[in-house]
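The values are calculated or read from the model by the stated rules, or taken from the named source; none is laboratory data. Every value quoted in this text rests on a predicted model; they were computed, and no experiment measured them. As a convention, Cβ positions derive from the backbone with ideal geometry for all residues, glycine included, and neighbour counts pool all protein chains shown. Areas reflect the complete protein model, heavy atoms only, side chains present, ligands, DNA and RNA absent. Shrake-Rupley method; radii C 1.70, N 1.55, O 1.52, S 1.80 Å.
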Amino acid sequence: MSKLMKLNPGDNVYIVRVPLQANDSVEIDGKSYVIKQSLGFGHKIAATSLHPGDKIIKFGIPIGSATEHISAGEHVHLHNMKSDYLPTYTLNNEFVNK
Amino acid sequence: MNSSTNKKLYGYLRPDGRKGIRNIVLVAYLVECAHHVAREIAHSFRSREVQLIGFGGCYPNAYADKMMNALCTHPNVGAVLLVSLGCESFNRKRLYQTVKESGRPVQLLGIQEKGGTKKTITEGIEFVTAALDEIKRTPVVDLDVSDIVAGVVSGGSDATSGITANPAVGKAFDILVEKGGTAIFENIGEMIGLDDLISGRGTTPALRDELRKAMEKSARYYTIMGHGSFAPGNADGGLTTQEEKGMGAYYKGGTASITGMIKPADIPPRKGLYLMDIVPDGEPRFGFPNPNDSSEIAELIASGALCVLFTTGRGSVVGSAIAPIIKVCANPDTYARMEDDMDINAGKILTEGVSLDEMGNEIFNKIISVAGGSQTCSEELGHQEFVLGYKTFEPVGPSCLP
């Protein structure tokens, strides 16, 4: 079973289908990438290189925008993307809305 | 399809023609000051079909009033004991009258009038004992799949929710609606940014317009509150934004056309798929539209849901008073850890390559078996969470129910 899956052909992120450990490698478009940290089911990995302001596309729709440069194979999460609507609250008591 | 769908189903016939899949005695407190007394009465029947709900506020509220009236006449409810302190604002006489006119055994006990805690508890226990006996005589009739009203809610979502449990419940809803039943989804507060997707599914131009207006209201409301329907655990589970969570949540509603839009405690007038608008009307006033999962569950039940599907990735354990909660676990790791609390392992879609259609069938069959009387995990574990707070709603217009 593939470690990653794309939910919609138009997506620019993959979904982790099998939990990954740090230093595991995944293949995207024939190229191998090493995962830096362990990632659970459903976390996102960039399918392509993304620039600040680029829309993150999942389920075929924009789910937010990149806040910094993201390379293919990199974890896409709150450290490098944000909502286009509402800030996201996390337990360190800060509204992440860079 | 497997045998559970061929099994003959029976329901408890209520005088309004609706049919219940459970037959319980409800103990309801009408202000927080009466909560302990009501709880003591209900706890005397811990392992019996007696459940506790209530409204804690002393100030009057039309929404809470409508919710309590709808819940006390829910098809799963056979008899009602109302416990009042005596000086609260809740219109206890009207609620008593509503239940009485519905043909159910009902009693109203005022703690001040009865002479305090002990006397009220004693009298309450007497009523419940007699009521349990009396509701055994409730007529039992055939229950058709088309009699089933199911709701769906999600809680403790993670990135697997939108991939496994939510779309699988959507498939089960598609089956239920196709068979003539009624399905209600209510995640309008979460579905920010999905205006076109939702509104496009209304059956008439006027309904599509109403759906769009409700979505815009929701976005505005949560923006003013400064906080989306998003908890820290959602982010730990791989979700990032309200849009991402909302899109996952969107799949719970399946693919059927939206027959109508209702608000909490409105009873769907026809069969089909309904969207419940849970976001209050007017200026934000009493707080968050969905302070927790249990408040959303109570609203689905008040609108007549006989059972509620609950999708969870991180792992929620809540059940509910009045209607059984069916847990559909999205995340296979969570399922392995919390199996006792989970009715369905939708994580099999990820680990075993089970298709969404197969999982949808499994969930639909579970609805049927629960309607047939089989206990859900949260029922077996005694979960009966209930929350009801303050809200303000305008009634839905005719365009919402074409």
Given charges at beta-carbon only (K, R positive; D, E negative), |dipole| of segment B:282-402 in Debye: 240
Quick shape check on the protein assembly as shown: root eigenvalues a ≥ b ≥ c of the Cα gyration tensor, a/c under 1.5 is rounded, otherwise prolate if a/b tops b/c, else oblate, and it reads prolate
How large are Rg and Dmax for segment B:24-137 when calculated on the C-alpha trace, in angstrom? 12.7, 38
Note the buried accessible area between A and B here, summed over both chains, with a 1.4 Å probe, in Å² to the nearest 100. 2400
Exposure rank, largest accessible area first [B:E40, B:E299; 1.4 Å]: B:E40, B:E299
Taking the Cα centre of segment B:24-137 as origin and charging only Cβ (+1 Lys, Arg; -1 Asp, Glu), how large is the dipole, in debye to the nearest 20? 100
Could you work out how far apart the two model spin labels at B:Q97 and B:R220 are, taking each label as a point 7 Å from the Cα in the direction of the beta carbon, and quote it in nm? 3.6
Can you give the accessible area of B:K114, probe radius 1.4 Å, in Å² rounded to 10? 60
Per residue, accessible area of the protein assembly as shown with a 1.4 Å probe, heavy atoms of protein chains only, in Å², comes to 39
Could you check the simple spin-label distance between B:N292 and A:E68, using points 7 Å along Cα→Cβ, in nm with one decimal? 3.7
Cα gyration tensor category, rounded, prolate or oblate, for segment B:144-400 with a/c compared to 1.5: rounded
Sum of -39500 (n - 2.57) over DSSP H runs of 4+, divided by residues of chain B (222 nm, nearest 500): -10500 deg cm²/dmol
Would you check segment B:11-123 for Lys pairs whose C-alpha atoms are within less than 21 Å, ignoring same-chain pairs closer than 8 in sequence, and give me the count? 7
With a 1.4 Å probe and all protein chains kept in place, how much accessible area does B:K100 have, in Å² rounded to the nearest 10? 110
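Shape of segment B:147-284 from its Cα gyration tensor (a ≥ b ≥ c, root eigenvalues): rounded if a/c is under 1.5, otherwise prolate when a/b > b/c, or oblate?
Note, shape of segment B:147-284 comes out oblate.
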Gained length - B:R48 relative to B:E352, 0.36 nm times residue gap less alpha-carbon distance: 105.5 nm
Proximal lysines to B:K179, defined as alpha-carbon separation beneath 16 angstrom and excluding residues fewer than eight positions away on the same chain: B:K7, B:K8, B:K171, B:K271, B:K366
If packing is taken as the average count of other Cβ atoms within 10 Å, what order do B:157-164, A:41-48 fall into, highest mean first? B:157-164, A:41-48
Could you tell me which of B:T98, B:A165, B:T351 has its Cα farthest along the dipole of chain B towards the positive end, charges placed at Cβ (Lys, Arg +1; Asp, Glu -1), taken about the Cα centre? B:T98
Taking a probe of 1.4 angstrom, what is the accessible area of B:L109 in Å², to the nearest 10? 0
For A:K44, counting only lysines whose alpha-carbon sits under 23 Å away and dropping same-chain residues fewer than eight positions off, the answer is A:K3, A:K6, A:K31, A:K36, A:K55, A:K58, A:K82, A:K98, B:K245, B:K252, B:K348
Förster radius 41 Å - calculated FRET efficiency between B:E32 and A:K6 (Cβ-Cβ, nearest 0.05): 0.20
Of B:C72, B:I258, A:Y14, which is farthest on the positive side of the dipole of the protein assembly as shown, counting Cα position, with +1 on Lys and Arg Cβ, -1 on Asp and Glu Cβ, and the Cα centre as origin? B:C72
Ordering B:E32, B:E385, A:E27 by how much accessible area each has at a 1.4 Å probe, largest first, what is the list? A:E27, B:E32, B:E385
Using unit Cβ charges (K, R positive; D, E negative) and no other charged atoms, how large, in debye to the nearest 20, is the dipole of the protein assembly as shown about its Cα centre? 840
For chain B, which whole-number percentage of the solvent-accessible area (1.4 Å probe, protein heavy atoms only) is attributable to carbon and sulfur atoms? 50
Which FRET efficiency value, to the nearest 0.05, do you get for A:S49 and B:T392 by plugging their Cβ-Cβ distance into 1/(1 + (r/R0)^6) with R0 = 51 Å? 0.60
Taking the dipole of the protein assembly as shown about the Cα centre (Lys, Arg +1; Asp, Glu -1; charges at Cβ), the one of B:M342, B:A298, B:G116 that reaches farthest to the positive side is B:G116
Distance in nm between A:D29 and B:L381 label points, each 7 Å along Cα→Cβ, equals 4.5
In peptide B:351-359, how many Cβ atoms from other protein chains are near each Cβ within 10 Å, on average? 1
So the FRET efficiency between B:R137 and B:D196, C-beta based with R0 = 60 Å and rounded to 0.05, is 0.70
Each residue of A:36-42 has, on average, a number of other protein chain C-beta atoms within 10 Å of its C-beta equal to 6
